[in-house]
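The values are calculated or read from the model by the stated rules, or taken from the named source; none is laboratory data. Because the structure is predicted, anything quoted here is derived from the model rather than measured. Positions of Cβ are generated from backbone atoms using ideal geometry, with glycine treated the same way; all protein chains shown enter the neighbour counts.
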Amino acid sequence: MDKIISNLFLKKPSLLFCIIMDLIGMASLLIPSLDEWSDVVWAPISAYIFYQRFGGLGGLLGGAFSFLEELLPYTDIIPSFTIAWYIQNKGIKNNPLKRSSNNEIEDAEVIEIK
């Protein structure tokens, strides 16, 4: 499972880049004069940049999600670039469901049969 997730994203953009991209996407909420119409212009640009920066299937799916998130009204608050960066860099390494690679039995009791 970890191999599938690690191969989902082929490229690794920096956290700073992802935060800046999310702030640009939130600009229509932060700057009232931009309004929601600016999202119509930003949505395809955001999707393209997402795909180019993350690559692979994850970049394709994330780009589609980013496109819809920017297009739908008042969903700009979702930091899609930063969430993808976290999944790529921290989510895989800190997976609590990941099993240990050694096959040793721990805390086993040895029973002798005579």
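Some points to look at:
- Matching residues in segment 21-34 - criterion: being within 15 Å of A47 (Cα to Cα) and of a type in the set (V, I, T): I24
- Test: residue in segment 94-111 that is at pLDDT 80 or above and in contact with a helix residue (DSSP H, G or I) (Cβ under 9 Å, 6 or more places away or on another chain): no
- Taken together, the criteria place D2 among residues that are of a type in the set (D, E), on the phi < 0 side of the Ramachandran plot and modelled with pLDDT under 85.
- The set of residues in segment 32-88 that are more than 14 Å from F17 (Cα to Cα) and among the β-branched types (V, I, T) comprises V40, V41, I45, T75, I77, I78, I87.
- Restricting segment 70-80 to residues that are touching a residue at least 40 places away in the same chain (Cβ under 8 Å) and outside any loop (DSSP other than H, G, I, E, B), the residue that is farthest from L29 (Cα to Cα): S80
- Considering (1) out of contact with any Lys or Arg (no Cβ under 7 Å at 6 or more places or on another chain); (2) modelled with pLDDT of 90 or more, the lone condition that R53 does not fulfil carries the number (1).
- Within segment 58-82, being over 17 Å from V40 (Cα atoms), hydrophobic (A, V, I, L, M, F, W, C) and either at pLDDT below 90 or surrounded by 17 or more Cβ atoms within 10 Å (Cβ to Cβ) (or both) holds for one residue alone: F81.
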